[in-house]
Every structure is written in structure tokens, then in C-alpha cells.
Amino acid sequence: MPFVKVVKDRQYFKRFQVKYRRRREGKTDYYARKRLCVQDKNKYNTPKYRLIVRFTNKDITVQIAYARIQGDIVLSSAYAHELPRYGVKVGLTNYAAAYCTGLLMARRVLTKLDLAKHYSGQTEIDGDEYIVDDAPGAPSAFRCFLDTGLARTTTGARIFGVLKGAVDGGLNIPHNCKRFPGYDSESKDFNADVHRQHIFGNHVSQYMRSLQEDDQDAFQRQFSGFVKAGVTADSMEGMYTKAHAAIRADPSPKPKKEQPANKKPKRFGRKKLSREQPAGA
């Protein structure tokens, strides 16, 4: 049989349907989004909350949102760039900072919903599995589901640091230990101590020590921000311990500055001119 080139004909293009805009842009996995947003029919209009975690090169964004026809509605949010208020001034995208951001998100939303006094979470951080159950004689625990977007959910990923911080902060999020640092897929064992070391940044401090001994120039280049902020390998665990306590003491967002009433908004485009005005006016 001779080779026949398949040509997309008129009938193909008449039936062609473009994908959603955010799918064309490569921003949204609608297969996952549908399963995260669709609520059971017998729960009527009850929101199905999602813990949305997104990483950029210099920041971590954590939001609790739910879907409506007009769009997603954000209940509360927390960012890694808020951590300098709590004493963490460097390393704002590592695993320990991700844990702090998740903890901040949990305490903030529970305070907003007046549930913080009923659900204090895990105060003694040991890295082990912790599940939030409904407290007797109190409203039910706040339940939400992890939304990782398009990120790879590999074992030890920083996204699960945010998850662990939110769970230890008192949120009820379905999960297990298989993706936390310290889990061995071959032996099926979970080492909670390895996970605790990541939460307190000990893996970073170990690397700092080894790099400082092997290559001083590389250490000065890679950890210049830590050196400038006065953060050493020995002081790192204490820094995160104080940050956890500070977050629990005051998780409220920083108040916005009052803008003067007569302040003119910034203009980024050219002013519109009438026909009589010259182009250079």
C-alpha cells in the first residue's frame, strides 16, 4: 500500500475546539482543578477550601481559596516575604521557610475564623505525622485540600513543608508521610528525625559547614546574605524556633499604610490629547 500523507481537512477544522485559555498558557491543570473544586451535591453551597501553594524564585505564596462561578475567592493568604517580621531574614524559599509560611497561614486563618483557641496544633515539633481531629464541644476543625498546581510532587519537595506547617498550625488536611523528607520508598519507613532537621534548617547548616571547610570563596559567594544578616550554622535552629513562637504569638498581617486622600494615581500611559493639542503637549 503506498504511503498516504494525512492532511487535516475542512471537516477536522470545523470540529476543532480550542482549549481553555489557562490550559493554552500552561498555567492550570483542569483535570486536577475539577477534582479539587467540585463539591458533593448533598453539601449544597458549602465551600470546598483549597490550600494553594506556589513557589517563585524569591517568594512563597500560600492562599486558602474556594471556587465560585464568578471566580476563586481567597479567604486568607500568607507570603514568605512576611517572615522577616518574625526574625527569618534570609533563605526565604527553603524547606524551613516553607514550613514557617504554612504555619503562618494556618494560625492566620484560624484566628480570622475564631478557631485558634480550640485548635493550637502541634506545639512540640518533632517532624512526625500529626492529624488534626475535631475538638469536643467546639466547632469542627477547618478542613482544606492541598493544591500544588503544576509542581512536581516528589519526595522531599518544599511544597510538603508548607503542608506540614499548616497541619502543625491546626488545619485538617488529608495527607500521609510518604512525601516528607525522611521517607524511604524501598523499606517503607519514615524517619521523623530527618524531617525535623529539615523543618529547623539543619540540612542547610550542615551544607554551610561543609562548604566553609572545602571552599571559602564559594561559601562567601553563596551564603553572603546569611553572613551579612549574622546567621551562622549554629544559630539557625534557634532562629526558626523563635520564628515559630513569634508566628503563634501574632499571625495577623501587617496593617496597610493609609494613603493620602489627595494622592494622584500613577499613570503608565500617555495622556489623551484633544485634536487641538499638539503631540508634544
Residues (open to solvent by 10 Å² or more (accessible area, probe 1.4 Å) and among the basic types (Lys, Arg)) located in the stretch 154-168: 158
Is the stretch 261-274 home to any residue that is farther than 22 Å from residue 89 by Cβ, in contact (Cβ under 8 Å) with a residue 60 or more places away in the chain and of a type outside the set (A, V, I, L, M)? no
Conditions (1) more than 20 Å from the chain's Cα centre (by Cα); (2) within 23 Å of residue 33 (Cβ to Cβ); (3) not β-branched (Val, Ile, Thr): number failed by residue 135: (2)
All but one of (1) surrounded by 15 or more Cβ atoms within 10 Å (Cβ to Cβ); (2) outside any strand (DSSP E or B) hold for residue 35; state the number of the condition that does not hold. (1)
Residues of the stretch 137-153 being surrounded by fewer than 18 Cβ atoms within 10 Å (Cβ to Cβ) and charged (D, E, K, R), in sequence order, are 143, 152
Only one of 92, 51, 83 is assigned to a loop (DSSP other than H, G, I, E, B) and either without any contact (Cβ under 8 Å) to a residue 60 or more places away in the chain or open to solvent by less than 30 Å² (accessible area, probe 1.4 Å) (or both). Can you tell me which? 92
In the stretch 5-22, what count of residues is obtained for those that are assigned to a helix (DSSP H, G or I) and open to solvent by 100 Å² or more (accessible area, probe 1.4 Å)? 5
Within the stretch 171-197, can you find the residues that are closer than 28 Å to residue 118 by Cα and either crowded, with 24+ Cβ neighbours inside 10 Å or of a type in the set (Phe, Trp, Tyr) (or both)? 171, 180, 195
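The values are calculated or read from the model by the stated rules, or taken from the named source; none is laboratory data. Just so it is clear, the structure is predicted and the values come from calculations on it, not from any experiment. Please note: Cβ atoms are built from the backbone with ideal geometry, for glycine as well, and neighbour counts cover all protein chains shown. Just the protein is used for accessible areas: all its heavy atoms, side chains included, with ligands, DNA and RNA removed. Shrake-Rupley method; radii C 1.70, N 1.55, O 1.52, S 1.80 Å.
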